[in-house]
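Encoded as structure tokens, the structure appears first; notes follow it.
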Amino acid sequence: MVAVGTASYHETVAAMAACSAHRTSYALEGRDRTATGDSLEFAHSVARGLDDSPRWLDCRYLYDAAGSHIFERICEQPEYYLTRTEGAILAAVGLDIALRTGSITLIELGSGSSIKTGLLLDAYCELYGNACYTPVDISSSILEHAREELAASLPDVQVAPLNSTYDGAFPIFREHSPAMLLFLGSTLGNLNEAESLDFWERVAANLSSGDYCLLGLDINEDAATIDAAYNDAAGWSEAFTRNLFARMNRELGSAIATDAIQHVAAFNRECSRVEIYARFQRAQSIYIEPFDRVFELEAGEQILTEISCKFRLEEMVPYLADFDFITEQIYTDSDKRFAVLLLERR
């Protein structure tokens, strides 16, 4: 295990900006799936969650164009340690990762802005002169922005964006082997146990022997810093939760008063996860226009919108071994809040 020093928030943001300034289950053509989307699929998912008890909504629908923009703002907040800590780790160990894997195609699931990944791509360009990178995201607008930024900051990187869900991305791994899957930001924590099992089965089935996976995991156990990260003072976390219901208004005609929705995020220590709810401060009716259905919510009722699991390395290493992944190296910050695991497929 390699522990690296943790830069301050401002130092890490500056490092990411300096890197940029230095060089500076569907693929859709020219459409933002999350902005226009498949409204019927969205409606089915919402109805299924609202029919259940307790009620829930699929967290992937948080990420329309507006939601993706809001999430980028969350990542910039001083309370949100995940982004700056992972970024500091990648900045410190990028060359070591590149040396271990050799020249390889990088494919990132849920790539977002690709700012942190730029730190890693910079290391590959320094060692090998160029790099191939496929960012995969369900927001075509954020993919286009990332492509433009990378073209300006890292001209030696060949960028081939894929506007897709994870399912649509899995088949491309064998086409680009040797490849490295990037699954950063502790995004794995948004999956429940069954979803995680399904995810790793698919990854194992689509990566070839000798391929790699770079996995970012939140290993923080301090309840105070966790609570602050998901309840930022600027209110972006609340805006993120409310935007899911604003999206329902836009795409499903739901007529929800979003200003009467409270963002509630609490650390469930027993389950080692943050649970994020939308609490309705007054009774409301949610209309699902495609099905002409109405769901009644009482004042004080909560809908689960997202989970964010925290991980223990002593549990994750053997868990990943069950899917034929060897943990080649573990990189952490000095405070042991975040870990980046370099995994090799047997």
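Every number in this text was worked out from the coordinates using simple rules, so none of it is lab data. All values reported here derive from a predicted model rather than from experimental measurement. Virtual Cβ from ideal backbone geometry, glycine too; neighbours counted across all protein chains shown.
Given charges of +1 on the Cβ of Lys and Arg and -1 on the Cβ of Asp and Glu, with all other atoms neutral, how large is the dipole of segment 42-132 about its Cα centre, in debye to the nearest 20?
Dipole of segment 42-132, to the nearest 20 debye: 100 debye.
Show the residues, 5+ positions off or on another chain, whose built amide H is closer than 5 Å to the amide H of Phe338.
Distant-sequence amide H within range of Phe338: Ile219, Asp333.
Rule-of-thumb check for segment 39-146: C-alpha Rg over 2.2 N^0.38 Å?
Ratio of Cα Rg to 2.2 N^0.38 Å: 1.34.
Calculate the FRET efficiency for Ala160 and Tyr128 from the Cβ-Cβ distance with a Förster distance of 22 Å, rounded to the nearest 0.05.
With a Förster radius of 22 Å, E is 0.80.
Once you wrap a convex hull around the alpha carbon atoms of segment 177-283, what is its projected area averaged over all directions, in nm²?
If I average the Cα hull's projected area over directions, I get 9.7 nm².
Apply the Karplus parameterisation 6.51 cos²θ - 1.76 cosθ + 1.60, with θ equal to phi minus 60°, to every residue of segment 89-102 and state each ³J(HN,Hα) to the nearest whole Hz, in sequence, with x for glycine and proline.
Whole-Hz 3J(HN,Hα) from phi for segment 89-102: 5, 4, 5, 7, 10, x, 5, 5, 4, 5, 5, 5, 8, x.
What does the charge add up to near Gly102, with Lys and Arg as +1, Asp and Glu as -1, over the other residues with Cβ less than 12 Å from its Cβ?
Computed value for this residue: -1.
Give me, ordered by chain and number, the residues 5 or more places off Arg293 or on other chains with an amide H under 5 Å from its own placed amide H.
Ile288
Which residue, chosen from Ala123, Ser140, Gly102, occupies the Cα position most advanced towards the positive end of the dipole of segment 75-170, where the dipole is computed from +1 (Lys, Arg) and -1 (Asp, Glu) charges on Cβ about the Cα centre?
Result: Gly102.
Please compute the modelled spin-label separation between Leu313 and Asp198, points set 7 Å along Cα→Cβ, answer in nm with one decimal.
For Asp198 paired with Leu313, the spin-label model returns 3.1 nm.
When a/c is below 1.5 the answer is rounded, else prolate if a/b is larger than b/c, else oblate, so apply that to segment 150-232 with a ≥ b ≥ c taken from the square roots of the Cα gyration tensor eigenvalues.
Oblate, since a/c reaches 1.5 and b/c is not below a/b.
So for each of 75-86, 203-214, 259-270 I average, over its residues, the number of other beta carbons within 10 Å; can you give me the resulting order with the highest mean first?
Highest mean packing first, the order is 75-86, 203-214, 259-270.
In nm, give the distance between the simple-model label positions of Arg250 and Asp167, each being 7 Å from the Cα along the Cα-to-Cβ direction.
2.3
I need the Debye-formula profile for segment 200-346: one equal scatterer per C-alpha, no solvent, reported as log10 I(q)/I(0) at q = 0.13, 0.20 1/Å, two decimals.
Log10 of I(q)/I(0), two decimals: -0.77, -1.09.
Once the Cα gyration tensor of the chain is found, what semi-axes does its equivalent ellipsoid get, as square roots of 5 times the eigenvalues, in whole Å, sorted largest first?
33, 22, 20
Take the eigenvalues of the Cα gyration tensor for segment 240-293, scale each by 5, and report the square roots as semi-axes in whole Å, largest first.
26, 12, 10
Once the Cβ-Cβ distance between Ser53 and Lys336 is put in as r, and R0 is 30 Å, what FRET efficiency do you end up with, to the nearest 0.05?
0.20
Just how large is the dipole of the chain about the Cα centre, in debye to the nearest 20, putting +1 at every Lys and Arg Cβ and -1 at every Asp and Glu Cβ?
Dipole magnitude for the chain comes out near 260 debye.
Scattering from the C-alpha atoms of segment 108-183 alone, worked out with Debye: what is log10 I(q)/I(0) at q = 0.20, 0.25 1/Å?
-0.83, -1.25
Consider all pairwise Cα distances in segment 266-306 and report the whole-number % of them above 12 Å.
Roughly 67 percent, rounded to a whole number.
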